[in-house]
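Everything on this sheet refers to the single structure shown next.
The values are calculated or read from the model by the stated rules, or taken from the named source; none is laboratory data. Quick caveat: nothing in here was measured; it's all calculated off a predicted structure. Glycine also receives a Cβ, built like all others from the backbone with ideal geometry; neighbour counts cover every protein chain displayed. Surface areas here come from the heavy atoms of the whole protein model, side chains and all, with no ligands, DNA or RNA. Shrake-Rupley method; radii C 1.70, N 1.55, O 1.52, S 1.80 Å.
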Amino acid sequence: MDFLTLLQVLDSTVRLATPLLLACLAGLFSERAGIFDIGLEGKMLMAAFLSASVAFFTGSVWIGLLAGIAASVLLSVLHGLASITFRGNQLISAVAINFLAAGLTVLIAQAWFREGGRTPSLIGGARFEPVTLPLAETLAPVPVLGPIYSELVSGHTILVYLALACVPLTWWVLWRTRFGLRLRAVGENPAAVDTAGISVVGMRYGAVVICGVLCGIAGAYLATGLQAGFVKDMTAGRGYIALAALIFAKWRPWHALGATLLFGLLQAVAVRYQNIDLGGVVIPVQVMDALPYVLTVVILAGFVGKAIPPRAGGEPYVKER
Amino acid sequence: MTMMKTLLTAAAGLALSAGAALAEPALIFDLGGKFDKSFNESAYNGAQRWAEETGGDYAEVELTSEAQREQALRRFAENGNNPIVMTGFAFGNALAEVAPDYPDTKFAIIDMVVEEPNVRSVVFNEHEGSYLVGMMAAMASDSGTVGFIGGMDIPLIRKFACGYVQGVKAVDGDAEVIQNMTGTTPAAWNDPVKGSEITKAQISQGADVIYHAAGGTGTGVLQSAADEGVLGIGVDSNQNYLHPGDVLTSMVKRVDNAVYEAMMAGDDLETGIVVMGLANGGVGYALDEHNADLVSEEMQASVDAAADRIASGDLKVHDYMSDNNCPVE
């Protein structure tokens with residue numbers, strides 16, 4: 001493998017890891033506050049659909065992005081309503097959201113566009129264009145560092161940089177602010193937070209709304225950044241891989257970055273090489289596709305450290321019995 | 001209650017006899033829906049052509065769930081519709097159940113073989129059409145490297161790939177064909193993001209013409225090919241219009257012809273397996289105003305010559321599904 005190929009694979013890794021990273025951070029906020037969320041997939045799908053549709057109608061990708069975020073937040077609040085206010089089962093409510101999104105997107109797309117559940121192709125300002133960072137062209141001839149900067153660092157859409165910026169931001173919010181301390185506390189011991197006079201319900205709603213915003217960006221990135229339109233079920237299980245990454249990262253933001261980049265790398269390698277020949281042993285492409293899940297199971301089984309979820313996760317908070 | 005029952009039975013009997021006298025054909029669309037810009041829409045166009053030419057009427061239904069397959073088949077059969085045409089391999093099991101119960105009704109299924117005495121099974125020689133677009137890809141390529149992107153890794157898709165590679169090699173024996181499958185689960189049909197990434201990976205390996213047989217994933221393939229300035233090749237229906245000037249051609253399956261012929265035949269529909277190939281206009285490549293500038297006369301002449309040779313039987317394109325093996329890589 002030469003240097004240029006390596007860069008291309010890493011470039012592909014960044015593109016594939018970005019939606020995973022955003023969804024993973026979304027799950028991080030929600031689960032740190034004690035709300036399990038396997039509905040990341042559905043929220044991304046809904047956001048992908050609405051962002052593409054609105055971008056198509058208005059011709060502005062930014063309005064599309066806002067619409068996608070709004071749709072995702074709406075589903076988040078629905079999940080919050082079911083699992084926080086009405087203390088329902090969080091898994092069931094999230095599964096329902098996944099089904100709802102899978103059905104509604106295709107149904108509405110068919111009613112609006114009559115193209116078999118997809119949106120028309122977006123053109124011009126209706127999609128995110130790659131951003132060329134300053135000096136990318138001038139620095140390109142510099143050996144080693146030049147191509148790294150111009151090929152790998154530069155040339156992504158703005159949402160990629162936004163997603164990367166979200167990692168330190170998430171760390172700062174959760175570990176360096178009062179809001180973050182309370183949010184984590186709500187996920188560990190809501191009764192203690194309640195005793196301190198802070199609204200558990202309010203904190204949890206705050207967390208699921210942040211989760212919705214991040215999922216919305218992830219979905220919009222799929223439909224208007226990576227693609228030029230929505231196709232039914234286009235998230236293709238990325239919400240679940242993001243959940244696996246969240247467990248792999250043990251619910252920590254920097255580790256989430258590492259986990260999603262690793263999973264992105266596995267996908268990028270699988271895309272580039274159908275079968276990998278390691279001196280006589282051929283690794284089929286399916287192994288690469290399955291590896292994220294296998295790794296997660298290994299982590300869960302406790303072989304590589306222990307993955308301890310937030311203690312109050314999945315439990316609706318009941319103030320008094 | 002008894003009275004009601006008698007009345008209902010009488011009404012049902014009346015409806016049945018009325019239906020039988022008319023013997024309207026019926027068409028059942030698969031889950032993709034009537035206006036899917038592809039397979040089902042093609043079937044719809046065929047039925048419309050029949051209706052316009054004969055002035056006849058046909059019954060139709062768009063399925064919305066798996067459970068409705070058998071229900072729809074039985075309803076049309078009870079109603080006396082004849083023949084009943086359905087689009088898609090997914091009807092296979094339901095039809096095998098229903099067909100023996102209505103021996104006087106003729107059925108036509110597309111893309112699947114159901115061995116019943118009153119069923120016409122229409123299958124397509126996708127490898128022949130893929131051979132032609134493979135030839136065009138090799139002729140249009142400057143780099144000598146072309147790509148193929150399949151959806152789910154199933155024998156049918158390998159049949160596309162194998163025909164394509166044979167066509168490429170027929171033009172340029174040294175040409176390299178990069179082949180990728182999107183995945184091994186049905187999700188592989190609807191993952192345009194992965195389709196895009198595979199396209200970019202193939203382009204970075206030198207491919208400058210890329211053929212997809214990947215359903216919804218293919219929208220990502222054609223999109224990325226257009227964005228990166230290489231040529232894509234569409235599949236099933238004519239997809240040239242998706243990115244005018246960036247889609248070299250499309251390998252078309254003439255589902256419309258299959259539906260049209262079945263409806264034309266009416267009650268006298270001949271049953272058994274019908275193979276739609278180059279010889280009877282079942283497959284082909286698309287040429288229209290969107291790709292006229294991309295296809296040179298010379299290219300067209302040699303592809304048409306090959307098509308004639310395949311149609312007459314002089315040139316044999318290997319069918320992957322005949323032995324689950326492809327002679328060329």
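A few points about this structure:
- Across region B:191-237, the number of residues qualifying as among the β-branched types (Val, Ile, Thr) and in contact with a Pro (Cβ under 7 Å, 6 or more places away or on another chain) comes to 2.
- Residue pairs whose Cβ atoms lie under 6 Å apart, sitting 6 or more positions apart in sequence or on different chains, and linking a residue in region A:85-99 that is surrounded by 13 or more Cβ atoms within 10 Å (Cβ to Cβ) to a partner that is of a type in the set (Ser, Thr, Tyr), are A:Gln90/A:Ser83; A:Ser93/A:Ser83.
- Taken over region A:286-312, the criterion of being in a helix (DSSP H, G or I) and open to solvent by less than 80 Å² (accessible area, probe 1.4 Å) is satisfied by A:Gln286, A:Val287, A:Met288, A:Asp289, A:Ala290, A:Leu291, A:Pro292, A:Val294, A:Leu295, A:Thr296, A:Val298, A:Ile299.
- For region B:93-105, the condition of being part of a loop (DSSP other than H, G, I, E, B) and surrounded by 15 or more Cβ atoms within 10 Å (Cβ to Cβ) holds for at least one residue.
- Members of region B:155-214 found to be within 12 Å of chain A (Cβ to nearest Cβ), hydrophobic (A, V, I, L, M, F, W, C) and over 25 Å from the mean Cα position of the chain (by Cα), listed by number: B:Ala201, B:Ile203
- In region B:221-246, the residues that are part of a loop (DSSP other than H, G, I, E, B) and either touching a Cys at 6+ places or on another chain (Cβ under 9 Å) or more than 13 Å from every other protein chain (Cβ to nearest Cβ) (or both): B:Gly229, B:Val230, B:Asn238, B:Gly245
- Among the residues listed as B:Ala170, B:Ala161, B:Ala108, the single one being crowded, with 23+ Cβ neighbours inside 10 Å, assigned by TED's automatic domain parsing to the domain that holds B:Ile310 and either aliphatic (A, V, I, L, M) or farther than 30 Å from B:Ala226 by Cβ (or both): B:Ala161
- Residues of region A:1-46 that are open to solvent by 30 Å² or more (accessible area, probe 1.4 Å), over 26 Å from A:Val153 (Cα atoms) and among the aromatic types (Phe, Trp, Tyr): A:Phe36 alone.
- Checked against the criteria, B:Val317 counts as aliphatic (A, V, I, L, M), assigned to a loop (DSSP other than H, G, I, E, B) and assigned by TED's automatic domain parsing to the domain that holds B:Asp153.
- Filtering region A:245-278 to residues that are away from chain B (no Cβ under 13 Å), assigned to a helix (DSSP H, G or I) and surrounded by fewer than 22 Cβ atoms within 10 Å (Cβ to Cβ) leaves A:Ile247, A:Trp254, A:His255, A:Gly258, A:Leu261, A:Leu262.
- Region B:240-252 residues that are within 14 Å of B:His212 (Cα to Cα), paired with ones that are assigned to a loop (DSSP other than H, G, I, E, B) and of a type in the set (Gly, Ala, Ser) (beta carbon under 6 Å, 6 or more apart): B:Asn240/B:Ala286; B:Thr249/B:Ala286; B:Ser250/B:Ala286; B:Val252/B:Ala286
- Failed condition for A:Thr170, given (1) touching a helix residue (DSSP H, G or I) at 6+ places or on another chain (Cβ under 6 Å); (2) modelled with pLDDT under 95; (3) of a type in the set (S, T, N, Q): (2)
- Any chance A:Phe49 is open to solvent by 10 Å² or more (accessible area, probe 1.4 Å) and either in contact with a Cys (Cβ under 7 Å, 6 or more places away or on another chain) or not β-branched (Val, Ile, Thr) (or both): no
- Test: residue in region A:160-173 that is away from chain B (no Cβ under 14 Å), surrounded by 13 or more Cβ atoms within 10 Å (Cβ to Cβ) and without any contact (Cβ under 8 Å) to a residue 24 or more places away in the chain: yes
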